[in-house]
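Asks: Before I ask anything, let me first share the structure, which is written out below as structure tokens.
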Amino acid sequence: MTEMTTVTDTAAPAPKLPTLPDAQTVTEVKHWTDRLFSFRCTRPASLRFRSGEFVMIGLMGDPDPKTGKQKPLLRAYSIASPSWDEELEFYSIKVQDGPLTSKLQHIEVGDQIILRPKPVGTLVHDALLPGKRIWFFATGTGFAPFASLLREPQTYEDYDEVIITHTCREAGELQYGHDLIEALKDDELLNDVIGDGFWKKIKYYPTTTREKSPKMGRITDLMRKGEAFEDLGVAPINPQDDRAMVCGNLAFNLEIKAMLEDYGLEEGANSKPAQYVVEKAFLD
Ligand SMILES: Cc1cc2nc3c(=O)[nH]c(=O)nc-3n(C[C@H](O)[C@H](O)[C@H](O)COP(=O)(O)OP(=O)(O)OC[C@H]3O[C@@H](n4cnc5c(N)ncnc54)[C@H](O)[C@@H]3O)c2cc1C
Ligand SMILES: NC(=O)c1ccc[n+]([C@@H]2O[C@H](COP(=O)([O-])OP(=O)(O)OC[C@H]3O[C@@H](n4cnc5c(N)ncnc54)[C@H](OP(=O)(O)O)[C@@H]3O)[C@@H](O)[C@H]2O)c1
């Protein structure tokens, strides 16, 4: 009797869990502020990408009221982890009425997300000519591609100095970047692979615009006044030594692009490497 029951149970088809297309499993979630969180997930074995690139990720959308069918709801996301990492990391905004992030902000370890394994982007070392100093200019979640590039050995092989500026409205919005940079000091693997003390090449320049912090102001204004160069102890940007990558809101990107052109730098692309590259941190 017991045996028969066992046989029947085994033979019955197991209930199928709904499987997402290109599903990956969430392995870690951290909430930084009420507007920002980061998470890690499994990496598809076939996914190869260059540090700094982005992919489309998302969740299944709500069922269509007429057909009941669900379609994937996807958005562009910079991969915040470096190309060598076994997992993938993302750093995300929470837009309260945002179609994707109003849901994505509630993911938990073990949940599945959709990840289309087709990485693209301009914030890659291949798009820049050799130089002495690399500037990473970020606002808000525009820090994400630099979270990848700051953990990429090539960054330190190619440059003597790595300057990362991050401008946010509030101090709490700097925490993810601050912690990530601090953690590089004790990262045994990176110190081993790149060289002990590689992180000493980094000059970190966090600023806030709407909440008090040790350094206040937009990076653009601080550079125009010369204050940023003084604080950092570096010469103003010049086309011989300096290379730059920019990732922020549209107005920021346009402003810093014009400034870099004034310093004499030319925009590069994957197909035509030059002295700086730009990518939007979000669409408007
Ligand atoms: C190339 C590229 C890379 C991107 N990488 C990232 C990333 O790494 N992390 C990330 O959080 N977002 C990133 N985005 C934005 C992302 O694609 C989505 O817009 C975001 O996840 C919000 O999706 P949503 O559907 O909730 O709202 P949406 O309908 O997409 O956006 C609603 C509104 O929210 C605001 N908004 C959207 N994204 C942001 C943001 N990141 N920061 C501040 N305000 C925003 C805008 O005003 C937008 O109109 C990237 C966008 C592009 C084009
Ligand atoms: N951050 C928040 O607390 C908050 C809260 C609720 C809603 N939102 C909404 O979310 C959206 C995105 O906000 P966000 O704060 O993530 O990104 P954001 O508006 O792009 O601002 C990020 C940082 O970039 C600075 N900046 C903007 N334009 C610039 C330029 N041309 N040159 C140099 N620096 C520039 C901002 O300074 P300034 O402060 O001087 O503009 C701010 O410090 C906005 O639509 C906003 O209304 C934000």
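The values are calculated or read from the model by the stated rules, or taken from the named source; none is laboratory data. The model shown is predicted, which means the values in this text are computed figures rather than measured ones. For neighbour counting, all protein chains shown are included, and Cβ atoms are generated from backbone atoms with ideal geometry for every residue, glycine included. All accessible areas refer to the heavy atoms of the entire protein, side chains included, with ligands and DNA or RNA removed. Shrake-Rupley method; radii C 1.70, N 1.55, O 1.52, S 1.80 Å.
Asks: So what are the ³J(HN,Hα) numbers for region 213-224, from phi and the Karplus equation (6.51, -1.76, 1.60; θ = phi - 60°), rounded to whole Hz, Gly and Pro as x?
Replies: Working through the residues one at a time gives 7, x, 10, 10, x, 6, 4, 4, 5, 5, 6, 4 Hz.
Asks: Okay, moving on. Could you state, as a whole-number percent, how many of the C-alpha pairs of region 46-132 are farther apart than 22 Å?
Replies: Counting pairs separated by more than 22 Å, the tail of P(r) holds 37 percent.
Asks: Determine the distance separating the Cα centre of region 108-157 from the Cα centre of region 41-91; give it in Å without decimals.
Replies: One Cα centre to the other: 15 Å.
Asks: Please list Lys200, Lys212 in order of solvent-accessible area, largest first, computed with a 1.4 Å probe with all protein chains present.
Replies: Working: Lys200 150, Lys212 170 Å².
The residues order as Lys212, Lys200, largest area first.
Asks: If you don't mind, there's one more thing I want to ask. Greater than 26 Å separation of Cα atoms is the criterion. Which listed pairs, Lys94/Lys132; Lys94/Lys201; Lys69/Lys103; Lys203/Lys257; Lys30/Lys225, meet it?
Replies: Result: Lys94/Lys132; Lys94/Lys201; Lys30/Lys225 exceed 26 Å.
Asks: Right, another one. Which whole-number percent is the relative contact order of the chain (Cα, under 8 Å, 6+ apart)? Present the calculation step by step, with values, prior to reporting the outcome.
Replies: On the way: 553 pairs, mean separation 51.8, N = 284.
Answer for the chain is 18 percent.
Asks: Accessible area of Arg116, 1.4 Å probe, to the nearest 10 Å²?
Replies: Solvent-accessible area, nearest 10 Å²: 60 Å².
Asks: Starting from the Cα of Asp158, step 7 Å along the direction of its Cβ; do the same at Glu230; then give the gap between the two resulting points in nm.
Replies: Each label point is offset 7 Å from its Cα along the Cβ direction, giving 3.2 nm.
Asks: Still on this structure, I have one more. Nearest 5 percent is fine: what portion of the DSSP beta bridges confined to the chain is antiparallel?
Replies: Rounded to the nearest five, the antiparallel share is 50 percent.
Asks: What does the net charge come to around Arg224 if you take all other residues with beta carbon closer than 12 Å to its beta carbon, with K and R at +1 and D and E at -1?
Replies: -2
Asks: With equal scatterers on the alpha carbons only and no solvent term, can you work out the Debye log10 of I(q)/I(0) for region 155-276 at 0.19 1/Å?
Replies: One equal scatterer on each Cα of region 155-276 leads to -1.22.
Asks: Give me the compactness ratio for region 125-188, meaning the Cα radius of gyration over 2.2 N^0.38 Å. Write out the running numbers ahead of the final one.
Replies: Working: Rg = 12.3 Å, N = 64, 2.2 N^0.38 = 10.7 Å.
Against the compact-globule rule of thumb, the ratio is 1.15.
Asks: What list of whole percents do you get for P(r) of the chain, with Cα-Cα distances grouped in 5 Å bins up to the one holding the largest distance?
Replies: That works out to 1, 5, 11, 15, 17, 15, 12, 8, 5, 3, 2, 2, 1, 1, 1, 0, 0, 0, in percent per bin.
Asks: In what sequence, largest accessible area first, do Trp84, Trp135, Trp32 appear using a 1.4 Å probe?
Replies: Trp84, Trp32, Trp135
Asks: For every other residue with a beta carbon closer than 12 angstrom to the beta carbon of Leu123, add +1 if it is Lys or Arg and -1 if Asp or Glu, then tell me the sum.
Replies: Result for the local shell: -1.
Asks: Which order do Tyr204, Tyr176 take when ranked by solvent-accessible area (1.4 Å probe, heavy atoms of all protein chains), largest first?
Replies: Solvent-accessible surface, decreasing: Tyr204, Tyr176.
Asks: Among His106, His166, His125, which one shows the biggest mean-square fluctuation in a GNM of the chain, springs joining Cα atoms closer than 10 Å?
Replies: The residue that fluctuates most here is His106.
Asks: Once ligands and nucleic acids are excluded and a 1.4 Å probe is used, how much of Glu108 is accessible, expressed in Å² to the nearest 10?
Replies: Glu108 exposes around 120 Å² with every protein chain in place.
Asks: While we're on this one: Restricting to Cα atoms and excluding each atom paired with itself, what does the Kirkwood estimate give for region 67-214 in Å? Let's see the in-between values first.
Replies: On the way: mean 1/r = 0.0584 Å⁻¹.
Roughly 17.1 Å, rounded to one decimal.
Asks: Using the Cα centre of the chain as the reference point, and only Cβ charges (+1 on K/R, -1 on D/E), how large is the resulting charge dipole? Debye, rounded to the nearest 20.
Replies: Details: 33 positive and 44 negative charges, 177 e Å.
Taking the Cα centre of the chain as origin, the dipole is about 840 debye.
Asks: What is the set of long-range amide H partners of Ile202 at a cut-off below 5 Å, with H atoms built 1.01 Å from backbone N?
Replies: Under 5 Å from the amide H of Ile202: Val162.
Asks: Taking only Cα atoms of region 162-224, what ratio of Rg to Rh do you get with Rh as the Kirkwood inverse-distance radius?
Replies: That ratio is 1.07, to two decimals.
Asks: Same structure again: Quick check: at a probe of 1.4 Å, how many percent of the accessible area of the chain sits on carbon and sulfur atoms?
Replies: Ligands and nucleic acids excluded, carbon and sulfur give 53 percent.
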